[in-house]
Amino acid sequence: MRRDIQISRESTNAVRSRSGNGVARDLETLLNFLRIRGASTRPLVARETGFSRAVVAQRLGDLQSTGLVVDSGRDASSGGRPPQKIQFNADRGHVLVADLGATSIDVAVADLDGRIVAHVSEDADISAGPEIILSHVEQLFDNVRAVSGQAGGVPWGIGVGLPGPVEFNTGRPVAPPIMPGWDAYPVRERLTNRLCVPVWVDNDVNVMALGERAEGSARGVDDFIFVKIGTGIGAGIVSHGTIQRGVQGSAGDVGHIQVVSDPDIICRCGNVGCLEAVAGGAALGRSALRAAEQRASVTLAEMRAQRGTLSARDVAEAARHGDPVSVQLLQQAGRHIGQMLATAVNLMNPSLIVIGGGVAGAGDVLMASIREVVYGRSLPLATRHLQIRHSTIGDRAGIAGVAAMVIDELFAPERVSSWIENGSPVGRPEPAFY
């Protein structure tokens, strides 16, 4: 239940009048300590942060006056009056998040812990273009806020996941192959100008990696690689708890690593032998069609006759029914993906690889082939504690990850210090905020 906390202008002015850069840093340290660690007592906060009890009392009082932290009951005590506990107030504000797919839009309201409190999903064709799609997103934001009871509140931030490459520093898509009309479109500027709040935009694979870390197979894991195997193939790389985007935001574009040298295998990017061109969902569908046309697989030929075409999902279904050609196609795809991942394991030394995306549901044949090559071709030291798991949250990883992205950005230490004197980041969408 949302706490009814009234934040007065006098409260934020009182914090501001005492705040210099040092005080703002103290407030940020204490706020993020409580946000990450959970409810705690003042003596424990002082001991863990190294601040004196007097400083902790003063700064926590400031944070309470703005509603960012609240009392949360008393700690257990072996004698005497039990100490009062204090905690981060995740209900102090909310964020709006949107995960855009090729044919769908998921929109949600999340609290300041990243928990989804209201969610709507609708079919939409991303190829309709940015003006139509983003106008629809804005309308869905209004709808989901009404459902959540937040229609009158100002969101603290907005996050958007897009199904294509994104330059994170500008929030603009870069030559997205399935998004005609979106290249270099100012998504962040559009939403910031319309809604007057800070906005962050990233690609779908990165936000899915963040979603897996927030509530999926990688929960609490600081060093892992998330691999999405769908129509294409991409990776989200998390190191020391932080997504690694690279200079322009293109880190993890593993689908265009060359894994075969056959000049007849031309990728949609124009290069030859890319991983995506031999192991992605579209590639599996093409291979299945060839097998059906050549009558190499009676099962696939019959499926094609019934359905007109074949997809990776059909290959998985045929493999589950024992079709040897489909099993072989999945094994080949798994070996190619494993080859790429073995290189990544030797390079990054993650503790975990999470496999997600539509093709990841193809079953144990694909996963077994991936594991075989990764463990066989990576160095023993790099695989000593390595685990390879399926995603446990599937499509929910996207919306959960967009929420995690916005919360991570809002509460980044340098950014908190810029707004904490005001009690919230509302009204700070200027470029310097990023």
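The values are calculated or read from the model by the stated rules, or taken from the named source; none is laboratory data. Please read all numbers here as calculations on a predicted model, not as lab measurements. Reconstructed Cβ throughout: ideal geometry from the backbone, glycine too, with neighbour counts over all protein chains shown.
Scan the range 367-407 residue by residue and report those that are at pLDDT 95 or above, in contact with a strand residue (DSSP E or B) (Cβ under 9 Å, 6 or more places away or on another chain) and under 20 Å from residue 280 (Cβ atoms).
Residues satisfying the conditions are 367, 370, 371, 374, 388, 390, 391, 397, 398.
So residue 410 fits all but one of (1) modelled with pLDDT of 90 or more; (2) buried (at least 19 other Cβ atoms within 10 Å of the Cβ); (3) in contact with a helix residue (DSSP H, G or I) (Cβ under 7 Å, 6 or more places away or on another chain); what number is the exception?
Status for residue 410: all satisfied but (3).
What number goes with the only condition from (1) within 16 Å of the chain's Cα centre (by Cα); (2) part of a strand (DSSP E or B); (3) acidic (Asp, Glu) that residue 122 does not pass?
Going through (1) within 16 Å of the chain's Cα centre (by Cα); (2) part of a strand (DSSP E or B); (3) acidic (Asp, Glu) one by one, residue 122 breaks only (1).
Keeping to the range 212-232, report how many residues are at pLDDT 95 or above and buried (at least 21 other Cβ atoms within 10 Å of the Cβ).
Total meeting the criteria: 12.
Do we find a residue being β-branched (Val, Ile, Thr), part of a helix (DSSP H, G or I) and surrounded by fewer than 17 Cβ atoms within 10 Å (Cβ to Cβ) anywhere in the range 164-174? Steps first, please.
First, the residues of the range 164-174 that are β-branched (Val, Ile, Thr): 166, 170, 174.
Subsequent filtering for residues that are part of a helix (DSSP H, G or I) retains none.
Checked against the condition, which is being β-branched (Val, Ile, Thr), part of a helix (DSSP H, G or I) and surrounded by fewer than 17 Cβ atoms within 10 Å (Cβ to Cβ), the range 164-174 yields no hits at all.
In the range 188-211, what residues are modelled with pLDDT of 95 or more and in contact with a Pro (Cβ under 7 Å, 6 or more places away or on another chain)? Spell out the reasoning first.
To start, the set of residues in the range 188-211 that are modelled with pLDDT of 95 or more comprises 188-191, 199-211.
Correct list: 203, 204.
For a quick check of your reading of the model, give me the residue pairs whose first member lies in the range 198-226 and is without any contact (Cβ under 8 Å) to a residue 24 or more places away in the chain, whose second is among the basic types (Lys, Arg), with beta-carbon atoms closer than 8 Å and at least 6 apart or on different chains.
Every condition considered, the pairs that remain are 219/213; 220/213.
For the range 334-390: of the residues being of a type in the set (A, V, I, L, M) and in a loop (DSSP other than H, G, I, E, B), which is nearest to the chain's Cα centre (by Cα)? Give the derivation first.
Step one: of the range 334-390, the residues of a type in the set (A, V, I, L, M) are 337, 340-342, 344-345, 347-348, 352-355, 359-360, 362, 365-368, 370, 373-374, 379, 381-382, 386, 388.
Filter once more, so that each one left must be in a loop (DSSP other than H, G, I, E, B): 379, 386.
On the way: 379: 29, 386: 22 Å.
Restricting to residues being of a type in the set (A, V, I, L, M) and in a loop (DSSP other than H, G, I, E, B), the top hit is 386.
Residues to consider are 110, 98, 102, 118; find the one that is assigned by TED's automatic domain parsing to the domain that holds residue 179, surrounded by 15 or more Cβ atoms within 10 Å (Cβ to Cβ) and at pLDDT below 95. Spell out how you get there, then give the answer.
Working: 110 fails: at pLDDT below 95; 98 fails: at pLDDT below 95; 118 fails: at pLDDT below 95.
The match here is 102.
Go through the range 307-323 and count every residue that is farther than 15 Å from residue 358 by Cβ and among the polar types (S, T, N, Q).
The number of residues fulfilling the criteria is 1.
For the range 218-242, give me each residue that is more than 12 Å from the chain's Cα centre (by Cα) and of a type in the set (Phe, Trp, Tyr).
224
Pick out the one residue from 268, 245 that is assigned by TED's automatic domain parsing to the domain that holds residue 359, within 22 Å of residue 337 (Cα to Cα) and within 15 Å of the chain's Cα centre (by Cα). Break it down into steps so the answer makes sense when it comes.
On the way: 268 fails: within 15 Å of the chain's Cα centre (by Cα).
On inspection, the qualifying residue turns out to be 245.
Would you check if residue 245 is closer than 20 Å to residue 406 by Cβ, in contact with a strand residue (DSSP E or B) (Cβ under 7 Å, 6 or more places away or on another chain) and of a type in the set (Lys, Arg)? Full working, then the answer.
Numbers: closer than 20 Å to residue 406 by Cβ: yes; in contact with a strand residue (DSSP E or B) (Cβ under 7 Å, 6 or more places away or on another chain): no; of a type in the set (Lys, Arg): yes.
Judged against the criteria, residue 245 is not a match.
Which of the helices (runs of 4 or more DSSP H) found entirely inside the range 205-314 contain at least 1 residues meeting this: at negative phi and among the β-branched types (Val, Ile, Thr)?
Details: elements: 275-279, 281-293, 298-307.
So the answer is 275-279, 298-307.
Tell me, which residue of the range 130-158 that is surrounded by 15 or more Cβ atoms within 10 Å (Cβ to Cβ) and either among the hydroxyl-bearing types (Ser, Thr, Tyr) or in contact with a Gly (Cβ under 9 Å, 6 or more places away or on another chain) (or both) is nearest to residue 424 (Cα to Cα)?
Among them, the one singled out is 156.
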